[in-house]
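*Asks:* Below are the structure tokens for one structure; questions will follow.
The values are calculated or read from the model by the stated rules, or taken from the named source; none is laboratory data. Source: prediction; values computed, not measured. In this analysis, Cβ positions are derived from the backbone assuming ideal geometry, glycine residues included, and neighbour counts consider all displayed protein chains.
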Amino acid sequence: MAKISGIGVKMVKIGILNLQGAVSEHYDMTKKAIGKLGVDIEVKSVKYAEDIETCDGIIISGGESTVIGKLIHERGIDKAIKQNNIPVFGTCAGMVLLGKKTDFDQPLMGLMDISVKRNRYGSQKNSFEAPIEIFGQEYLGVFIRAPSLESYDRTKKDIKILSKFDGEIIAIQQGRNIAISFHPELTDDTLIHEYFIKEVLAI
Ligand code: GLN
């Protein structure tokens with residue numbers, strides 16, 4: 001939501017966390033989605049807690065969740081996100097980081113009541129594309145060492161399953177946080193980025 005400052009309305013800002021991984025693709029997709037929606041939002045690559053505090057939404061890309069998680073923790077990025085209640089859209093490694101638990105011992109943000117299984121679909125060479133369904137539409141799922149959902153807290157009323165593939169949950173939302181196991185930034189379809197932007201704007 002736009003925050004009112006002393007002089008006027010501050011521009012809404014989406015930060016793409018730029019620590020490691022597929023950052024530029026998310027930047028481009030977010031810009032494209034903003035253009036399609038015809039809204040006025042600034043997109044910024046962000047690396048430190050101070051930059052993140054001023055964002056209205058954060059996107060965490062795929063990459064190596066152990067590396068990204070360590071930097072998030074060291075830089076106090078997790079604290080900044082929690083304190084400012086900033087919605088996060090996490091893809092692949094980003095999904096892992098949003099969770100409370102994985103099958104590895106690694107720093108996580110724990111923003112969602114989910115437990116994630118890493119590398120559910122095998123190693124890099126087992127990467128694949130498959131049609132999936134999300135928001136009632138067909139979408140190209142690009143899976144690269146993708147995680148899947150191990151479990152979620154069924155007592156939480158704010159959790160929504162967004163997509164399943166092969167019997168497994170591959171996209172889930174809690175509040176305004178969204179975790180998906182595949183890579184929408186590697187497609188031409190801005191559907192999921194548009195959805196997150198609307199969540200950020202609360203429209
Ligand atoms: N398997 C990776 C991890 O858990 C994620 C892979 C990806 O983001 N493409 O860190």
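*Asks:* Could you look through region 104-125, keep only residues that are among the charged types (D, E, K, R) and more than 19 Å from residue 160 (Cα to Cα), and pick out the one that is surrounded by the most Cβ atoms within 10 Å (Cβ to Cβ)?
*Replies:* Within region 104-125, the match that is surrounded by the most Cβ atoms within 10 Å (Cβ to Cβ) is 118.
*Asks:* Moving to a separate point now. Of everything in region 62-88 that's among the hydrophobic types (A, V, I, L, M, F, W, C) and in contact with a helix residue (DSSP H, G or I) (Cβ under 8 Å, 6 or more places away or on another chain), which residue is nearest to the ligand (Cβ to nearest atom)?
*Replies:* 68
*Asks:* Which residues, counting only those in region 30-80, are in contact (Cβ under 8 Å) with a residue 40 or more places away in the chain, out of contact with any Pro (no Cβ under 6 Å at 6 or more places or on another chain), closer than 16 Å to residue 199 by Cα and not charged (D, E, K, R)?
*Replies:* Answer for region 30-80, where residues must be in contact (Cβ under 8 Å) with a residue 40 or more places away in the chain, out of contact with any Pro (no Cβ under 6 Å at 6 or more places or on another chain), closer than 16 Å to residue 199 by Cα and not charged (D, E, K, R): 30, 33, 34, 37, 39, 41, 55, 58, 59, 60.
*Asks:* Scan region 94-109 and give yes if some residue there is under 18 Å from residue 186 (Cα atoms) and either modelled with pLDDT of 95 or more or over 17 Å from the mean Cα position of the chain (by Cα) (or both), otherwise no.
*Replies:* yes
*Asks:* From 114, 59, grab the single residue that is within 16 Å of the ligand (Cβ to nearest atom), hydrophobic (A, V, I, L, M, F, W, C), in contact with a Phe, Trp or Tyr (Cβ under 8 Å, 6 or more places away or on another chain) and farther than 18 Å from residue 149 by Cα.
*Replies:* 59
*Asks:* Applying the selection to region 70-88, what residues are in a helix (DSSP H, G or I) and surrounded by fewer than 24 Cβ atoms within 10 Å (Cβ to Cβ)?
*Replies:* The answer is 70, 71, 73, 74, 78, 79, 80, 82, 83, 84.
*Asks:* Count, please, the residues in region 141-168 that happen to be away from the ligand (no atom under 16 Å from the Cβ) and more than 14 Å from the chain's Cα centre (by Cα).
*Replies:* Qualifying residue count, region 141-168: 15.
*Asks:* In addition: If you take the residues in region 126-155 that are touching a strand residue (DSSP E or B) at 6+ places or on another chain (Cβ under 6 Å) and without any contact (Cβ under 8 Å) to a residue 12 or more places away in the chain, which one is surrounded by the fewest Cβ atoms within 10 Å (Cβ to Cβ)?
*Replies:* Among those residues, the one meeting the criterion is 131.
*Asks:* In region 89-109, what residues are part of a strand (DSSP E or B) and either more than 11 Å from the ligand (Cβ to nearest atom) or free of Cβ contacts under 8 Å to residues at least 60 places away in the same chain (or both)?
*Replies:* 89, 101, 102
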